[in-house]
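Here is the structure we will look at, set down as structure tokens.
The values are calculated or read from the model by the stated rules, or taken from the named source; none is laboratory data. Keep in mind that what you see is a predicted model, and the values were worked out from it rather than measured. All Cβ positions, even for glycine, are placed from backbone atoms using ideal geometry, and neighbour counts span all protein chains on display.
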Amino acid sequence: MVRKMKKMRGISPLVAVIMLIAFTLIIAGMLATFVTQMTEQQTKASKVCVDARVLLKKAVFTNYSDASYDGNLTLTVYNYGKTNLRFKVLLSYSDETKHAGGIASHDTTFPVDAGKIEVVTLTNVGDDLTEVTVKSMQCDPPCYECQGAQDFRPYIDIKGLGY
């Protein structure tokens, strides 16, 4: 049995070139839109974060019981910038076996509006604390995460521990 093979034809070279150019332009347009939006977001965040400043004015450790080595840490945080920020607290400890890796992120997060002072008390803080850091964190606008907006107090500057 002999089959007749149909002669298959492809698209013409002219149509193929036009399709490739159109496909390239569509991809270029999508990429340009994505990059433009990302750049605008980064620029806006950068402009806002230029004026983001924080000062950890005071840190006081209070241990209410000799039986427990944990106590309260009261922080006075001053946002002296022009941007509303939300902070998280990082605690560094000398006893790495008691505290995984020596660094713990406290569960407490708190907002501080621009130009305002916030007093925050953290509970269950170990007395082997070596440093406390307040650091800007991700939050919903009009609050921004500003990477450089952070401050710390070493052991010697924490009242109740160092002096």
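Things worth noting here:
- Qualifying residue in the stretch 6-16 (condition: out of contact with any Asp or Glu (no Cβ under 8 Å at 6 or more places or on another chain), at pLDDT 75 or above and assigned to a strand (DSSP E or B)): no
- So residue 105, is it in a strand (DSSP E or B), modelled with pLDDT under 90, among the polar types (S, T, N, Q) and over 21 Å from residue 160 (Cβ atoms): yes
- For the stretch 111-136, the candidate set comprises residues that are surrounded by fewer than 17 Cβ atoms within 10 Å (Cβ to Cβ) and of a type outside the set (D, E, K, R); within that set, the residue that is farthest from residue 53 (Cα to Cα) is 124.
- Only one entry in 24, 39 is at pLDDT 95 or above and either hydroxyl-bearing (Ser, Thr, Tyr) or assigned to a strand (DSSP E or B) (or both), namely 24.
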